[in-house]
Structures are given as C-alpha cells and as structure tokens.
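Only the coordinates and a few stated rules stand behind these numbers; no lab work does. This is a predicted model, so every value here is computed, not measured. Because the Cβ atoms are built from the backbone with ideal geometry, glycine has one as well, and the counts that use them run over all protein chains shown.
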Amino acid sequence: MKKFLLLMAVICAVTFMGCEKDEQESFKFDIENLYGTWQGIAIQSNGEWIDITQPPHTNLAFSVVFYENGTYSGSGYFGNGSGTYKAEGDMIYTYIDGEELYRYKVHSISNGIAEVSMGVAGDNITLEIKLQKK
C-alpha cells in the first residue's frame, strides 16, 4: 500500500510540474514562431489597413516581445510594460501582476507575419492588427 501511495505521489508531482509547458504546447501554431520581437505594422480601420510604420501614422507604432519562459514586454502606443503570457489554442493572454490585460486571437503566423485580433480584458472592442517579426 505504501508503494502504491508513493507511486501516486510521484505521478501527481510529475503531472503538475509539466502543466505550464503543456499549456504552451497546446498553442494551435508552432510556439517557436511566437518567440521573439514583433513590431506592429498595420491596424485595420473601417475595413482598410493603415500602415503604422509610415507617417502620418507612426504615432501608433508598438512592439511586443514574447520570451520562451512565458514572460513578455511591450512598448509603444499601447503602453510600456512587462508581464506574463499564456498561449492556448489560437489565443494569447497577457497578464500584468496576475491581471489579464490584452488577449490576442491569432488568425495566422507565417513567414514572419502575424494577423491577430487584439482585445482588452473585459472590453468588447477588438482591433485587427498585423505584426512583423524583427
């Protein structure tokens, strides 16, 4: 009986230790493509894409860096800061001090370009954006 309980304890410990990595592995896209610096290149307004890398829209410029250890940092139009993130399915959830801040619904990531819908936690407004990996 003691051996059985010890075996169950070991199985539980291994299961819990693997949870964080499993969450990242459940990302619909190749998680390796997510890691790195992403620069916002366009925002959709009234059905048309606006290039935010060129005047007069450079004031909307932003970037975000996703690290392999589950942390991220962002700068630019949407604010400067850092926190943690979780990638599940086609969603990326970002947190600052444990509170959800932004959520990204990833439509595609290929050839260094990502198309996503970005929303603020608790808000029904979404913004369509394109990002390019640096």
| query | What ranking do 59-67, 77-85 get when scored by the average of other Cβ atoms within 10 Å per residue, highest first? | reply | 59-67, 77-85
| query | So what are the ³J(HN,Hα) numbers for the stretch 111-121, from phi and the Karplus equation (6.51, -1.76, 1.60; θ = phi - 60°), rounded to whole Hz, Gly and Pro as x? | reply | 6, x, 10, 10, 10, 9, 9, 10, x, 9, 3
| Rotationally averaged projected area of the stretch 31-133 (alpha carbon convex hull; nm²) | 6.5
| request: Go through Gly70, Asn33, Val116 and say which Cα lies farthest out towards the positive end of the charge dipole of the stretch 31-133; charges sit on Cβ, +1 for Lys and Arg, -1 for Asp and Glu. | output: Asn33
| request: Work out from phi, with θ = phi - 60° and the Karplus expression 6.51 cos²θ - 1.76 cosθ + 1.60, the ³J(HN,Hα) of each residue of the stretch 28-33, listed in order in whole Hz, and give x for Gly and Pro. | output: 4, 9, 5, 4, 4, 5
| query | Check Phe27: other-chain or 5+ apart residues with amide H under 5 Å from its amide H, H built from backbone geometry? | reply | Gly89
| If you place +1 on the Cβ of every Lys and Arg and -1 on the Cβ of every Asp and Glu, how big does the dipole about the Cα centre of the stretch 31-133 come out, in debye to the nearest 20? | 160
